[in-house]
Amino acid sequence: MGLFIIASNDISLSPEEMLKYCKGQDQVEKGFSFLKGDTLSVSKVYLKNKARIVALTMIMVLCLMIYSIAEWKSRTKLEEENETVQDQKGKPKKTYDDMDIFQ
């Protein structure tokens, strides 16, 4: 077993909360790697104007946020209704932890 250090400038957080937030960060990272990767089939976009690059980045982040919210709402509803949905391999998935949209 290895050890690692988690530090924060928020002194109101308990060690358990800090660990939970740290472990949850991988979902955000998967989202950004999804945007940067080849999985997203979009035409290549070349922008020279710095303001347009910033605007496109903002739009992509907003789209990722909306997609994540819709995913979270549907998974929460599945859990409440005790329903399942099939994943890409045909297996029934029920909980938030079972599914991963970025794979």
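Using Cβ point charges alone (K and R +1, D and E -1), the dipole size of segment 15-93 about the Cα centre works out to roughly 600 debye. A convex hull fitted around the alpha carbon atoms of segment 15-93 yields 140 Å³ per residue.
By the beta-carbon count within 10 Å of each Cβ, the least crowded to most crowded order of Phe32, Phe4, fewest first, is Phe4, Phe32.
Put simply, the amide H of Lys93, placed in the peptide plane, has neighbours under 5 Å in Val85, Gln86, Asp87, leaving out anything fewer than 5 places away on its chain. For the set Lys30/Lys77; Lys20/Lys44; Lys30/Lys91, the pairs lying more than 32 angstrom apart at their alpha carbons are Lys20/Lys44. A simple spin-label model places the labels of Ser8 and Lys73 2.8 nm from each other, with each point 7 Å out along Cα-to-Cβ. Ranking of Arg75, Arg52 by neighbouring Cβ atoms within 10 Å, starting from the fewest: Arg52, Arg75.
Rule-based calculations on the coordinates, nothing more; no lab input. Note that this is a predicted model, so its numbers are computed, not measured. Note that we place each Cβ from the backbone using ideal geometry, even for glycine, and neighbour counts take in every protein chain shown.
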